[in-house]
1. Using only DSSP helix segments of four residues or longer, with each worth -39500 (n - 2.57), what per-residue ellipticity at 222 nm results for the chain after dividing by its residue count and rounding to 500?
2. As a test, work out the antiparallel percent of DSSP beta bridges whose residues both lie in the range 6-236, rounded to the nearest 5.
3. Cα to Cα, under 19 Å, and not fewer than 8 places away if on the same chain: which aspartates and glutamates meet these conditions relative to Lys14?
4. Determine the distance separating the Cα centre of the range 111-186 from the Cα centre of the range 4-39; give it in Å without decimals.
5. State, to one decimal in nm, how far the label point of Leu74 lies from the label point of Asn184, with both points 7 Å from Cα in the Cβ direction.
6. Given Cα positions, please report Rg to Rh for the chain, the hydrodynamic radius being the Kirkwood one.
7. Mind checking the dipole of the range 6-236: about its Cα centre, +1 per Lys or Arg Cβ, -1 per Asp or Glu Cβ, Debye to the nearest 20?
8. Can you give the FRET efficiency for Ala131 and Glu96, using 1/(1 + (r/R0)^6), R0 = 45 Å, r = Cβ-Cβ distance, to the nearest 0.05?
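Derivation of every value follows stated rules applied to the coordinates shown; laboratory data play no part. Keep in mind that what you see is a predicted model, and the values were worked out from it rather than measured. Positions of Cβ are generated from backbone atoms using ideal geometry, with glycine treated the same way; all protein chains shown enter the neighbour counts.
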Amino acid sequence: MSEKTIALVTGANKGIGYEIAAGLGALGWTVGVGARSAERRETAVEKLRAAGVDAFGVPLDVTDDASVTAAAGLLAERGLDVLVNNAAITGGMPQEPTVVDPAMIRTVIDTNVLGVIRVTNAMLPLLRRSAAPRIVNMSSSVGSLTLQSGNTDATGPVSAAYAPSKTFLNAVTLQYAKELAGTNILINLGCPGYVATDLNHFSGYRTPTQGAAIAIHLATLPDDGPTGAFFDDAGPVAW
């Protein structure tokens, strides 16, 4: 077992995920770059190593049970202290509920919610062996029912798949927090803000580095830090 803190970041080959990996690596941590594409994964690992990060690749498709199991096996000898569930898809637009294809909703849920459950449950035996385990689930303010019902500009376009998937993720994360209460595992949700990534065709106004900051903060919480909460850079986000 390594004496260094070891983190796994899903969807870490680009965008916010890559910057989360870079930020954690800059702390001196060992970082697993979880990604489906072997080429993109190895390119990201090489780039991180060139920047001085102790990075390694983790082949990982969060929608595939066998892939997730294999990833947990790969990490078993190293150990795991922090899991950042970052991988997500939008499913494409438009997503008006009156015309949306239910199959598309199913695909989004499989990645954004079931993928988080698959990976979290596979990694929990390793996290339980850590002295300070942390789980960070990357959510979004578009998943806030309070903000959605308030018709604010922060909620984005009408969305029958992506936004509800984040609401679902928020709800599931609360259930994990309830089950894990009394353990040393802290699990929280982070909103990166409207970041320019290929997920939104680079229409966001924040940088991936800015978007990664909340995940890095939650990954490094002290032992008496919060759990079962939802934050962005400004503080708690309304449910």
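1. Numbers: 8 runs with 93 residues, N = 239.
About -12000 deg cm²/dmol.
2. Numbers: 2 of 29 bridges.
Antiparallel: roughly 5 percent of the beta bridges in the range 6-236.
3. Cα-Cα hits under 19 Å: Glu39, Glu42, Glu46, Asp54, Asp61, Asp198.
4. Distance between centres, Cα-based: 19 Å.
5. Going by the 7 Å Cα→Cβ label model, 2.7 nm.
6. Numbers: Rg = 16.7 Å, Rh = 17.7 Å.
We get a ratio of 0.94 for the chain.
7. Numbers: 15 positive and 20 negative charges, 42 e Å.
Dipole about the Cα centre, nearest 20: 200 debye.
8. On the way: r = 48 Å, r/R0 = 1.07.
Rounded to the nearest 0.05, the efficiency is 0.40.
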